[in-house]
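The values are calculated or read from the model by the stated rules, or taken from the named source; none is laboratory data. Computed from a prediction, not measured in an experiment: that's the story for all the values here. Reconstructed Cβ throughout: ideal geometry from the backbone, glycine too, with neighbour counts over all protein chains shown.
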Amino acid sequence: MGPMTAVFYDNPETVPVDKLRALAGAMPTRGDTPEGLTCHDVPAGCMAVLTFKGHYAGLPAAYQDFYGRWVTQSGEEPADVPSFETYLNDPRNTAPEDLLTEICMR
């Protein structure tokens, strides 16, 4: 299994908490999906990736900056596909200020 990941289908700023849809899991290599789990593909394409360093509590501000400042300045339009996060290290043995998370958007 590869790194842990989370896929987000809704914007928590506009969708009520009890209606938010997300998936959590690991990025398997092809053919490495353990029995009882389901593989979900994210559509291929050019991705913008922000690597965030710090406690997970800082992720909402990173999203606001990424979708606000970066998208506005880049001239790009986000595609109608879910964003996702990839967690590059393990919070069980990494200090919160050293956690690395990739926020990926198409």
I'd like to verify a number: residues in region 66-89 that are more than 15 Å from V7 (Cα to Cα), touching a residue at least 12 places away in the same chain (Cβ under 8 Å) and among the charged types (D, E, K, R), how many?
1
Kindly evaluate C104 against the criterion of being loosely packed, with under 13 Cβ neighbours inside 10 Å and either at pLDDT 85 or above or outside any strand (DSSP E or B) (or both).
no
Among strands (runs of 3 or more DSSP E) lying entirely in region 1-94, which contain 1 or more residues that are at pLDDT below 85, on the phi < 0 side of the Ramachandran plot and surrounded by 13 or more Cβ atoms within 10 Å (Cβ to Cβ)?
22-26
